[in-house]
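Structure record follows, encoded as structure tokens.
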Amino acid sequence: MKWRLWLGAGLPVFMMLLLVSSLASAAAAPFDLPGPRLEIRITRAGRSLPISQVPNLQAGDEMWLHPDLPANESIHYLLIPVFLRGSLNPPPEKWFTKVETWRPQVRKDGVSVRVPEGALEALIFWAPETGGGFTTVRTAVRSRPGVFVRAAQDLYAADLTRSRLDAYVDAVKKISNTDPVGLEKRAKLLARTLYLKINMSCFDLAPEQQEACLVQDPENVVLNDAQSQSMVTALTSGAAGDMINQLSVSTAAGGGMYSPYVGAVVDMVRIVGSMHTAQYAYIPALSINDDGAIQLKLSNPPSFSNPKSVMVASLPPVASVHFPMLRAVHPEELLCLERPKLVLSVEGAPLVFSTQYAHDLALHVQDSTGHAVDLPAAADAERGGFEVDARVLQTSSVSGTVTGQLRGEWGFDPWSGPDFAFTNSRPQEWSFAAGETNAITAANKISLHLQADSVVCVQDVTLATPQGMVEKATFTRTPPRLLEVNLPVTKSSQGPYTLVVAEYGQTKPEKIPVHVYPPSAVVSGVMLHAGDDEGVMTGTHLQEVSSVEIGGVIFHAGSTKHSGTEDTLHLKTSTNLAGSKVFVEDAAMTAHVHLKDGRTLDIPVAIAPPRPRVVLLSKSIAVNSGGNYAFIHLGNENDLPQYGHLNFFLKSVAPQQFPRDETIEVGAADGGFVTSLGLANNALTLQDAQTVFATLDPAKAFGSSAFGPLRFRPMSAAGVPGDWQPLANLVRLPELKHVDCPSNPAQLCTMTGKNLFLIDSIAATSLFLNPTAVPLGFAGNTMQVPRPNGTTLYLKLRDDPSTVDLVSLPVLPVADQN
């Protein structure tokens, strides 16, 4: 894994040196090689802490160091703690301590070093013993103090950066194993807490690939942390800051055009590289906190031949304390104090989560009467804040309005974090929000809004069904008083239900009765024409209508059809309303719509004009006498050949005179096709004011694939249709040419023609004994048929297989078949 990280203007210069140096070799070496382990404890004013809890050293601190090396270590290492006091001020020789780590007394008891007055930085050197190593290191540091001051600053900043990335990677791996579904949400929260910008495209991958994407490419992780950078302020101002800004946008550093500043950095790398003798060369090491010790991590394996490698690691700076700039994410939010595993969401100080500098944390809460208690708190980067254990409250006297402050220690110093506001749970009355009641109409999605003095401590909401089942309801708190509950019901649910609201800290939940009714019918209109015994209702949920009463006449609910967002319900009465003096055109009436659950809706109705009505007086079918269709004589007078013509007379009943703008619709009984005949398209001709002559060319009106029963109805100019009535049966005919028969009567004949697939079967007699069936998908132009009776055969059409039709075809002799 390559820990190459861009930190914008805050990228440590020493890390820049390492990165730019690595550009020559195509890739930066990762800090993943284990180095020596060193236990360190810092004692200040009689109190001792492990180095992992110390963010800064101070003059007078006693530093106990204990090398943790294998007993069989073959190389003798010198441990050299060094204190620095500025780039222009070489440290005195007494600020260098020589620790011979192989000595039994050192291995057993360690050594103690006191931080001198005036020191600003601290470094640890691990040098192989060569007989003059200590003097060589001391001379190198004193001759170039500025290089090592910058190294101390850069390495410490890199240590802090690495702690955040380690915390991020470890957490992502844990989440991926325990909660892969929630990885995206929790990884984003984790990145926000640690001030990381993660690769969002990782979440476009399959779930099993997201973890690898999130942790395998840290060079795309951008950090932005004012706190850790303020701890090494020399990096954020002056020429160094300008250099870093330029480098961060250079091609070589992963940005834009190549910058001349990179050349300056390369020169600095050469300077560090030149700080070696025939015996020693210096390599940087990161200090990883490891249970009260620091574990060094190296980017390159050390050399044990000349020049031998001297490992350089940082210690916290010698400076005054710099407290974390922690703040609440939602400072105005009211929190429930009784909530188990209460999380205080904070931001602004990622080192609180990635290091152990903040320790002995507690939430100090106090009520208005002065009662106070401290609740244990722990930093949890995965949850974005501090997790508080509120179990102590069960035995405390804290109540009412409560305020809390996060407190603890930052290293050796007491620290106070942000303030929070809390409420305690208590029994309370629940009511419905304005405009809502406990009477609910069933639907697939229902939201209720409940009100109480405070909704902050609501723990759970369930719904008890009439069948005794308990189902979980989702809810949303809108503090301080509003609770939105999404009921787990469907549009088929009905009956008495009970909402159960449980609150943290309360043993008895509140119960709220609700009644779920079937979806109420919403009637948008009732259409009833004068003289009709049928009507149409439009609206939604019309399946809940049982009957409709209009003017004392009961209309029963028939079939319901759904189209788009509207239902259509057919109404029918057994009362003959023809000639009724009540149900007349424009009569204003009221429809009493009776629902199945007992409710009644009153809907105003205006009786519409009578629907158009016509009667069929006569019809005639003209068969095309030319061509090959003339050989077929249809046996059903109701059959209309596709290339024939239909002429028919109609008489207008309502109104008595046929309106000139009225049309006649002719179409398939199944609704598959329709055409309109009118005076305007010359398909209708008035014989007189009441009688109209109609002509239909089916091939022209419907095309070559139309067949089946035809029906007609009148249609007024306003779009009001009359009743459908049967008209004819449209059939398609094959084109038959002739029959070829051998002289041998035992042999079959062959019929020639086109579109023979339109024949269902063919026989020699009208009784249709031993017919020859035409198979589905038959595409031939000839087929074997029984020997005709003279020139006569009988067939059934595929469009009317119940009728026997006569065929008279020329019969031609052919030679007998062998």
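The values are calculated or read from the model by the stated rules, or taken from the named source; none is laboratory data. Predicted model, so just to flag it, every value in this text is computed and none were measured. Every residue, glycine among them, receives a Cβ derived from its backbone with ideal geometry; neighbour counts consider all protein chains shown. Note: accessible area is taken over every heavy atom of the protein model, side chains too, but ligands, DNA and RNA are not part of it. Shrake-Rupley method; radii C 1.70, N 1.55, O 1.52, S 1.80 Å.
Here are some notes:
- Segment 475-494, subset in contact with a Phe, Trp or Tyr (Cβ under 9 Å, 6 or more places away or on another chain) and either farther than 23 Å from GLN428 by Cα or at pLDDT below 90 (or both), residue surrounded by the fewest Cβ atoms within 10 Å (Cβ to Cβ): GLN494
- You will find that of ALA443, ALA434, the residue that is without any contact (Cβ under 8 Å) to a residue 40 or more places away in the chain, part of a loop (DSSP other than H, G, I, E, B) and either among the aliphatic types (A, V, I, L, M) or surrounded by 14 or more Cβ atoms within 10 Å (Cβ to Cβ) (or both) is ALA434 and no other.
- Residues (under 24 Å from HIS529 (Cα atoms) and either free of Cβ contacts under 8 Å to residues at least 12 places away in the same chain or part of a strand (DSSP E or B) (or both)) located in segment 648-665: LEU650, LYS651, SER652, VAL653, ALA654, THR663, ILE664, GLU665
- Residue match in segment 515-536 (condition: more than 30 Å from GLU585 (Cα to Cα), open to solvent by 70 Å² or more (accessible area, probe 1.4 Å) and in contact (Cβ under 8 Å) with a residue 24 or more places away in the chain): yes
- Test for VAL500: is it surrounded by fewer than 17 Cβ atoms within 10 Å (Cβ to Cβ) and either acidic (Asp, Glu) or more than 27 Å from CYS457 (Cα to Cα) (or both): no
- All conditions in (1) among the small types (Gly, Ala, Ser); (2) in contact (Cβ under 8 Å) with a residue 12 or more places away in the chain; (3) open to solvent by 20 Å² or more (accessible area, probe 1.4 Å); (4) not in a strand (DSSP E or B) hold for ALA349, with the sole exception of (3).
- Filter result (closer than 26 Å to TYR517 by Cβ and either exposed (fewer than 13 other Cβ atoms within 10 Å of the Cβ) or among the polar types (S, T, N, Q) (or both)) within segment 446-470: SER447, GLN451, THR462, THR465, GLN467, GLY468, MET469, VAL470
Conditions tested, residue by residue: (1) open to solvent by 20 Å² or more (accessible area, probe 1.4 Å); (2) charged (D, E, K, R); (3) under 56 Å from the mean Cα position of the chain (by Cα); (4) closer than 18 Å to SER309 by Cβ.
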{"site": "GLY132", "(1), (2), (3), (4)": "yes, no, no, yes"}
{"site": "VAL137", "(1), (2), (3), (4)": "no, no, no, yes"}
{"site": "ARG150", "(1), (2), (3), (4)": "yes, yes, yes, no"}
{"site": "TYR156", "(1), (2), (3), (4)": "no, no, yes, no"}
{"site": "ALA167", "(1), (2), (3), (4)": "yes, no, yes, no"}
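- Considering residues of segment 569-598 that are in contact with a helix residue (DSSP H, G or I) (Cβ under 9 Å, 6 or more places away or on another chain) and of a type in the set (D, E, K, R) only, the residue least open to solvent (accessible area, probe 1.4 Å): ASP597
- Considering residues of segment 605-614 that are in a strand (DSSP E or B) and at pLDDT 90 or above only, the residue surrounded by the fewest Cβ atoms within 10 Å (Cβ to Cβ): ARG613
- Just so you know, in segment 65-80 the residues that are open to solvent by less than 70 Å² (accessible area, probe 1.4 Å) and outside any strand (DSSP E or B) include one that is farthest from TYR282 (Cα to Cα), and it is PRO70.
- Residues that are in contact with a helix residue (DSSP H, G or I) (Cβ under 7 Å, 6 or more places away or on another chain) and either touching a residue at least 40 places away in the same chain (Cβ under 8 Å) or part of a loop (DSSP other than H, G, I, E, B) (or both) within segment 359-382 comprise HIS359, ALA381, GLU382, listed in sequence order.
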